[in-house]
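Notes for the one structure printed next.
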Amino acid sequence: MKKILVTGSSGLIGSEVVKKYGQNGWKVYGVDNNMRADFFGPNGDTRWNQKRLLSEYENFEHIELDIRNRQGVNDMLASIRPDAIVHTAAQPSHDLAASRPFDDFDVNAGGTLNLLEATRKHCPESTFVHMSTNKVYGDAPNRLNLVEKDTRWDFGDAAYHDGIKESFSIDQSKHSLFGASKVSADVMVQEYGRYFNIPTCCLRGGCLTGPNHSGVELHGFLSYLIKCNLEGKKYTVFGYKGKQVRDNIHSHDVVRFMEEFIEAPRVGEVYNIGGGRDNSISILEAFKLIEDISGKKMLYDYVDQNRAGDHICYISDLSKMKADYPNWDITKNLRTTFEEIHQSWLDRSE
């Protein structure tokens with residue numbers, strides 16, 4: 001039986017990986033210590049997801065471990081020696097990183113290094129998939145020629161119609177401390193690939209979303225927005241007139257790409273992974289869509305101050321992913337994604 005190790009296994013992407021490989025018949029080891037609850041409080045708690053996975057998949061084993069524990073990570077990899085590693089564990093918030101910089105860097109950069117070095121020592125043939133972020137580009141996309149439309153900002157130059165390519169600069173821009181720690185991890189994953197010939201890839205995610213997200217204000221854009229609509233709670237829009245654009249990708253489609261990469265891995269690769277232009281939406285447009293689905297009016301406040309390092313318009317160019325892995329494409333459109341998240345919050349509120 002093949003084995004896969006998933007860090008952050010109770011989170012949005014990690015749990016989707018557990019589901020996929022649990023169904024595929026692999027032995028799945030999930031590493032999670034519910035640090036999200038520490039970062040975001042009770043609303044960020046992911047124990048419900050951990051319990052769900054343990055109840056649904058007999059071939060799933062939960063490991064309670066903090067990836068900052070270097071010796072623990074080393075011993076775990078030495079014991080399991082998995083065929084593949086999917087690393088999704090992270091401190092994911094811009095704002096929180098500024099108030100807890102050591103926790104942010106130790107989890108995002110240090111934890112990733114612990115996993116990479118243990119992989120090099122004990123199972124260098126294992127495929128290593130790292131969930132990076134589009135925040136490695138900092139706020140440099142904001143310096144592009146942008147045009148303001150009725151409900152959104154958009155790229156003004158035809159060269160960027162399909163979005164940001166992997167060749168876009170990650171240097172000399174404001175990243176937020178979170179973005180900087182993720183740059184460190186991203187470059188290290190590439191380096192362990194190229195320097196030690198380990199099959200690694202960095203997936204620079206746009207807005208990753210789906211029904212199993214424990215969305216909170218500081219992280220989980222769509223999930224939190226939909227939760228606010230459902231509960232009649234005010235959503236706070238931070239700057240850019242609410243016209244800031246994100247491309248949203250369902251966790252199912254993220255994991256489908258991971259599966260393609262694990263089946264035919266490359267060394268030291270980088271991919272921008274998101275919903276692309278077809279699944280892009282502004283906050284104002286998201287309000288309209290969830291109102292149409294739920295029948296409830298969206299309540300919100302506007303603060304005329306954007307978050308530091310935040311993108312005005314970000315769309316992932318998916319052409320490299322599709323060229324390298326032609327069997328992969330987006331299967332879940334925006335409305336389907338919204339409906340699934342809405343239903344998930346309804347189910348959890350019962």
- Note on the structure: Hull volume per residue for the range 3-349, using the convex hull of the C-alpha atoms, in Å³ is 123 Å³
- Hey, what do the phi angles of the range 241-253 turn into as Karplus ³J(HN,Hα) couplings, whole Hz, using 6.51/-1.76/1.60 and θ = phi - 60°, x for Gly and Pro? 6, x, 9, 5, 10, 10, 9, 10, 10, 5, 4, 4, 6
- Task: Post the alpha-carbon centroid distance, the range 301-316 to the range 51-96, in whole angstrom.
- Result: 32 Å
- Message: Can you give me the long-range amide H partners of Arg204? Hydrogens built in the peptide plane at 1.01 Å from N, cutoff under 5 Å, separation of 5 or more residues or another chain.
- Response: Ser132, Tyr271, Asn272, Ile273
- Candidates per GluC sites (Glu not before Pro) in the range 248-287, loop by DSSP, up to 11 other Cβ within 10 Å: none
- Message: With the cut-off at 1.5 for a/c, could you classify the range 23-98 from its C-alpha gyration tensor as rounded, prolate or oblate?
- Response: oblate
- Item | Full-stretch length increase - Ser173, Asn24 - with 0.36 nm per residue and alpha-carbon distance subtracted | 49.5 nm
- Note the full-extension length gain between Lys121 and Asp301 as 0.36 nm times their separation in residues minus their Cα-Cα distance, in nm to one decimal. 59.7 nm
- Of the listed links Lys19/Lys51; Lys27/Lys322; Lys135/Lys165, those spanning more than 21 angstrom between alpha carbons are Lys27/Lys322
- the range 1-99: GluC sites (Glu not before Pro) in DSSP loop, at most 13 other beta carbons within 10 Å: Glu58, Glu64
- Task: Name the residues whose placed amide hydrogens come within less than 5 Å of the amide hydrogen of Ser280, ignoring near sequence neighbours (fewer than 5 apart) on the same chain.
- Result: Asn248
- Message: How big is the dipole moment of the range 3-349 about its Cα centre under a simple scheme where the beta carbon of each Lys and Arg is +1, that of each Asp and Glu is -1, and everything else is neutral? Debye, nearest 20, please.
- Response: 220 debye
- Message: Can you find, among Tyr240, Gly268, Asn212, the residue sitting farthest towards the positive end of the charge dipole of the range 182-291, where Lys and Arg contribute +1 and Asp and Glu -1 at Cβ?
- Response: Tyr240
- Item | Beta bridges by DSSP in the chain, antiparallel share as percent, to the nearest 5 | 15 percent
- Task: Within the range 143-167, find all residues whose amide N lies under 18 Å from a label point positioned 7 Å from the Cα of Val187 along Cα-to-beta-carbon.
- Result: 166-167
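Every number here is computed from the coordinates shown, using simple stated rules; none is lab data. These numbers were taken from a predicted model, which means no experiment stands behind them. FYI the Cβ positions are ideal-geometry reconstructions off the backbone, even for glycines, and counts take in every protein chain you see.
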